[in-house]
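The values are calculated or read from the model by the stated rules, or taken from the named source; none is laboratory data. Treat the numbers as computed from the prediction; the structure is a model and nothing was measured. Glycine also receives a Cβ, built like all others from the backbone with ideal geometry; neighbour counts cover every protein chain displayed.
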Amino acid sequence: MGDALDAIDRKILAALQADGRTTMQELAEKVGLSVSPCHRRVKLLEKSGVINRYMAQVDQTAVGLPVSVFISIKLARQKEEDLTRFARAISKWDEVLECYLMTGNRDYLLRVVAADLAAYEAFLKNKLTRLDG
């Protein structure tokens, strides 16, 4: 379905990305459809995997994690087992919100959150720099 998205599908996706809890009535009005065809399109987008989940976006400051840090990682070795081991290890750490496998001279880009710079420094000393490789 990815290639078959039309302008209305794109409007539906944009509206749901802005507010995933909007009612079907509100969504239909925003995209210029009646409720029934709008609902049918949303169900097709879900069934085809274009929409794969709905989620809440949490305000970092409200939960006491206002500091975001991006960390560029270069592993000592880039063998598949080393990449897998690294990804498995960091997936257990609550501080790591995002992890991207990169090309070029770095292997990973991490987005880490912390309460303050001292907490970030503790994450580096107690977790990240202790990881082999």
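Structure summary
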| read-out | value |
| --- | --- |
| Segment 46-73 residues that are more than 14 Å from GLU98 (Cα to Cα), paired with ones that are among the β-branched types (Val, Ile, Thr) (beta carbon under 6 Å, 6 or more apart) | LEU65/VAL113 |
| Which numbered condition LYS43 misses (of (1) surrounded by 13 or more Cβ atoms within 10 Å (Cβ to Cβ); (2) assigned by TED's automatic domain parsing to the domain that holds ALA7) | (1) |
| The listed residue being among the β-branched types (Val, Ile, Thr), within 29 Å of LEU13 (Cα to Cα) and in a strand (DSSP E or B), out of VAL113, VAL42 | VAL113 |
| One residue from TYR120, TYR100 being out of contact with any Leu (no Cβ under 8 Å at 6 or more places or on another chain), among the aromatic types (Phe, Trp, Tyr) and either at pLDDT below 95 or on the phi < 0 side of the Ramachandran plot (or both) | TYR120 |
| Those residues of segment 51-80 which are β-branched (Val, Ile, Thr) and either over 15 Å from the mean Cα position of the chain (by Cα) or loosely packed, with under 14 Cβ neighbours inside 10 Å (or both), in sequence order | VAL58, THR61, VAL63, VAL67, VAL69, ILE71, ILE73 |
